[in-house]
Structure formats: C-alpha cells, structure tokens
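Here's the structure we're looking at; comments come further down.
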Amino acid sequence: MDNMSNWVLGFGAVVMSICALFVASRAGTGVGYYGGLAMFVFCVGFVFYLVRTSLDHEEESR
C-alpha cells in the first residue's frame, strides 16, 4: 500500500461529495443547488482519477 496519500485524498473527496449533496438538497434551486451537484460530480471524477493513478502505479512497480 504505497499510495496511502491517494487513500486519504479519496476519503476526503468522498466526505466532500456527500456534503455537496446535502448542500444541493437543502438549497432547492439556484447557485447552491448547481454548485453542490457540480462539486459532487467533480469529487466522483477525482476519486476515479485516484483509482486510475493507484492502479497505474501498481502496474509500474511489477
């Protein structure tokens, strides 16, 4: 488990994405709603990027 920083960043992104969904649900309409959804999509994409980076790093070390 060489990529502990990726795990920490991924956990932080998951927490932020859940918070963003709460913000979007409480806002109803407007900037808060679309900002929360945009932040959620960004965090999900970031987690996928971290997974890809971790797997690529694992393949290089073999």
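Yes/no per residue for (1) surrounded by 15 or more Cβ atoms within 10 Å (Cβ to Cβ); (2) modelled with pLDDT of 95 or more:
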residue	(1), (2)
VAL15	no, yes
CYS19	no, yes
PHE46	yes, yes
GLU58	no, no
ARG62	no, no
Practice problem: Being among the aliphatic types (A, V, I, L, M) and surrounded by fewer than 15 Cβ atoms within 10 Å (Cβ to Cβ) is the filter here, so list the residues in the stretch 27-44 that pass it. | Solution: VAL31, ALA38, VAL41, VAL44
Exercise. Kindly indicate whether SER25 is free of Cβ contacts under 8 Å to residues at least 40 places away in the same chain and of a type in the set (Ser, Thr, Tyr).
Key: yes
Quiz item: Within the stretch 9-18, is even one residue touching a Phe, Trp or Tyr at 6+ places or on another chain (Cβ under 9 Å), without any contact (Cβ under 8 Å) to a residue 12 or more places away in the chain and part of a helix (DSSP H, G or I)?
Solution: yes
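The values are calculated or read from the model by the stated rules, or taken from the named source; none is laboratory data. Everything numeric in this text was worked out from a predicted model, so none of it was measured. With ideal geometry, Cβ positions are generated from the backbone for all residues, glycine too; neighbour counts draw on all protein chains shown.
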